[in-house]
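Q: Input: one structure, supplied below.
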Amino acid sequence: MYIRRAEEKDIEGILALLLQVCRVHHQGRPDLFRAEGRKYTGEQLAVMLKEEDRPIFVALDEGEKVLGYAFCILQQHVDDSILTDIKTLYIDDLCVDGDIRGQHIGSALYKWVLEFAERAGCYNVTLNVWSLNEAAVKFYEKCGLKPQKIGMETILKEECRKRSG
């Protein structure tokens, strides 16, 4: 297994993993997530691959099969009225194929992201994780991440409350 920046030839494999992520989220919150869907289309991925401030990394086997990915976004709030000018690498999404989890591919991707962030001069690495995805929460805690902020909700529609509860 090795890791590199994603290329156009990786799009099909990335799309397959994006579908897995959607299914995990749908199982946990069918009131919010569709059963079949992807966060990005193939066309959107092709554009994102060219953006320097949105690096996408892929873990590949010897046959170039995509085993996992990490979507990242470089962020900096220059001259913000309340935030300091630190440079952050935000992990927009990190996924390992569900059939091969437990082989430390996610840990290797996360380490790769940390090293990239250090080389890019980032102060920190951040991400959001849905609380419904307990396996992901545990994985990130094992990697040493700690909560930075917490999103909260109340569901107002009774029919939605029944579906999610």
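The values are calculated or read from the model by the stated rules, or taken from the named source; none is laboratory data. What you see is a predicted model; the values in this text were computed from it and never measured. Here Cβ is always computed from backbone atoms with ideal geometry, including for glycine, and neighbour counts include all displayed protein chains. Quick note on the areas: whole protein, heavy atoms, side chains included, nothing else; ligands and nucleic acids left out. Shrake-Rupley method; radii C 1.70, N 1.55, O 1.52, S 1.80 Å.
Q: Working only within the range 113-128, note down all residues that are open to solvent by 60 Å² or more (accessible area, probe 1.4 Å) and either assigned to a loop (DSSP other than H, G, I, E, B) or within 15 Å of Asp92 (Cβ to Cβ) (or both).
A: Answer for the range 113-128, where residues must be open to solvent by 60 Å² or more (accessible area, probe 1.4 Å) and either assigned to a loop (DSSP other than H, G, I, E, B) or within 15 Å of Asp92 (Cβ to Cβ) (or both): Tyr123, Asn128.
Q: Follow-up question, since we're still on this one. Check Leu18, Leu94, Leu109, Leu89 and return the single one that is within 15 Å of the chain's Cα centre (by Cα), open to solvent by less than 30 Å² (accessible area, probe 1.4 Å) and within 30 Å of Lys157 (Cα to Cα). If you could, list the steps in order and put the result at the bottom.
A: Working: Leu94 fails: within 30 Å of Lys157 (Cα to Cα); Leu109 fails: within 30 Å of Lys157 (Cα to Cα); Leu89 fails: within 30 Å of Lys157 (Cα to Cα).
Exactly one residue qualifies, and that residue is Leu18.
Q: Just to be sure, is Leu83 part of a loop (DSSP other than H, G, I, E, B), farther than 29 Å from Lys9 by Cβ and touching a residue at least 40 places away in the same chain (Cβ under 8 Å)?
A: Numbers: part of a loop (DSSP other than H, G, I, E, B): yes; farther than 29 Å from Lys9 by Cβ: yes; touching a residue at least 40 places away in the same chain (Cβ under 8 Å): no.
When the stated conditions are applied, Leu83 does not pass them.
Q: To continue, here is another question. Looking at Leu145, Leu94, Leu109, which one is at pLDDT 95 or above and part of a strand (DSSP E or B)? Give the derivation first.
A: Details: Leu145 fails: part of a strand (DSSP E or B); Leu109 fails: part of a strand (DSSP E or B).
After ruling out the rest, the residue left standing is Leu94.
Q: Being buried (at least 20 other Cβ atoms within 10 Å of the Cβ) and either small (Gly, Ala, Ser) or over 14 Å from Leu94 (Cβ atoms) (or both) is the filter here, so list the residues in the range 61-76 that pass it.
A: Of the range 61-76, the ones buried (at least 20 other Cβ atoms within 10 Å of the Cβ) are 66-72.
Residues satisfying the conditions are Gly68, Ala70.
Q: Would you confirm whether or not the range 55-75 contains a residue that is in contact with a Cys (Cβ under 7 Å, 6 or more places away or on another chain), among the aromatic types (Phe, Trp, Tyr) and part of a loop (DSSP other than H, G, I, E, B)?
A: no
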